[in-house]
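The values are calculated or read from the model by the stated rules, or taken from the named source; none is laboratory data. Just so we're clear, the structure is a prediction, and the values are computed from it rather than from any experiment. All Cβ positions, even for glycine, are placed from backbone atoms using ideal geometry, and neighbour counts span all protein chains on display.
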Amino acid sequence: MAGRTYLLVPGAGGNGWIWHLVAERLRAGGHQAITVDLPGADERAGLSGYAEVIVESAGKEGIDGDFGGELVVVAHSMGGLSAPLAVDRLPVSRIVLVNAMIPAPGETGGDWWGNTGQEEARRSADRAGGRDPDGPFDLGVYFFHDVPADLAAYALAHDQPQSETPFAMPWPLAAWPDVPTRVLAGADERFFPVEFQERVARERLGLGVERLPGGHLMPLSRPDELTKALLS
């Protein structure tokens, strides 16, 4: 039986490096793993441009209409906006969302925050966790709190800015793709609290959420657990 191919889509900033630990583990298990670099800092690139890069990344590895194994698209965080747009151009067998934004048809990424109540959910989680909901936004607090120090330092040193262009564009699909979808969420997530993700997934996709250990950057903090979930 042919191994699966995992197309690993990053979130804001577009740095596919965040997937490198998971990709290594998938390959060690006999599967193909493709990490996608998106044009996060490019002010000219919108959602359609992101989708084009995802499709091209798959094509460079020889995936086409005759692909014989399973192709799984995995989207982290902001990748939930762009990855579904590539599905109709690839032989995708499954979509997996990892602490991901779930858009509604016609909704801009900029409106997503208020429409879903993300800020209120974050503040509530901050209060419950003993953090100051009115304090300055700290990447260490919300993204890197459970990431090993060496990986966090490398990620911060190579951090790429994210253009606001794709956030200003309405999500163009009339509905979520008709492809089996799984939603994975970190039980220790602080930016998109797990209860918030459960509500959004239920309301927008009619799906439950599979809780995994870890925070927002599970691909870096919990690669073993995340890889195991992807393989299940």
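Those residues that are free of Cβ contacts under 8 Å to residues at least 24 places away in the same chain, more than 24 Å from residue 40 (Cβ to Cβ) and in a helix (DSSP H, G or I), I need them from region 111-132; list them, please.
Hits for region 111-132 are 120, 123, 127, 128.
Out of curiosity, is residue 195 surrounded by 23 or more Cβ atoms within 10 Å (Cβ to Cβ) and not in a strand (DSSP E or B)?
Considered against the rule, which asks whether it is surrounded by 23 or more Cβ atoms within 10 Å (Cβ to Cβ) and not in a strand (DSSP E or B), residue 195 comes out as no.
Quick check on my filter: what residues within region 133-165 are among the aromatic types (Phe, Trp, Tyr), part of a loop (DSSP other than H, G, I, E, B) and surrounded by 11 or more Cβ atoms within 10 Å (Cβ to Cβ)?
Across region 133-165, the qualifying residues are 143, 144.
How many of the residues making up region 6-55 are surrounded by 24 or more Cβ atoms within 10 Å (Cβ to Cβ), modelled with pLDDT of 95 or more and not aliphatic (A, V, I, L, M)?
Looking only at that region, the number is 5.
Could you list all residues from region 81-122 that are under 14 Å from the mean Cα position of the chain (by Cα) and under 22 Å from residue 141 (Cβ atoms)?
Selection gives 98, 99, 100, 101.
Within region 22-38, can one find any residue that is of a type outside the set (Val, Ile, Thr), more than 19 Å from residue 96 (Cβ to Cβ), touching a residue at least 40 places away in the same chain (Cβ under 8 Å) and in contact with a helix residue (DSSP H, G or I) (Cβ under 6 Å, 6 or more places away or on another chain)?
Within region 22-38, none of the residues are of a type outside the set (Val, Ile, Thr), more than 19 Å from residue 96 (Cβ to Cβ), touching a residue at least 40 places away in the same chain (Cβ under 8 Å) and in contact with a helix residue (DSSP H, G or I) (Cβ under 6 Å, 6 or more places away or on another chain).
Can you find a residue that is touching a Phe, Trp or Tyr at 6+ places or on another chain (Cβ under 8 Å), under 22 Å from residue 74 (Cα atoms) and surrounded by 13 or more Cβ atoms within 10 Å (Cβ to Cβ) anywhere in region 121-132?
No, region 121-132 contains no residue that is touching a Phe, Trp or Tyr at 6+ places or on another chain (Cβ under 8 Å), under 22 Å from residue 74 (Cα atoms) and surrounded by 13 or more Cβ atoms within 10 Å (Cβ to Cβ).
Outside any loop (DSSP other than H, G, I, E, B) and either within 20 Å of residue 15 (Cα to Cα) or of a type in the set (Val, Ile, Thr) (or both) - does that describe any residue in region 166-178?
The answer is yes; a qualifying residue exists.
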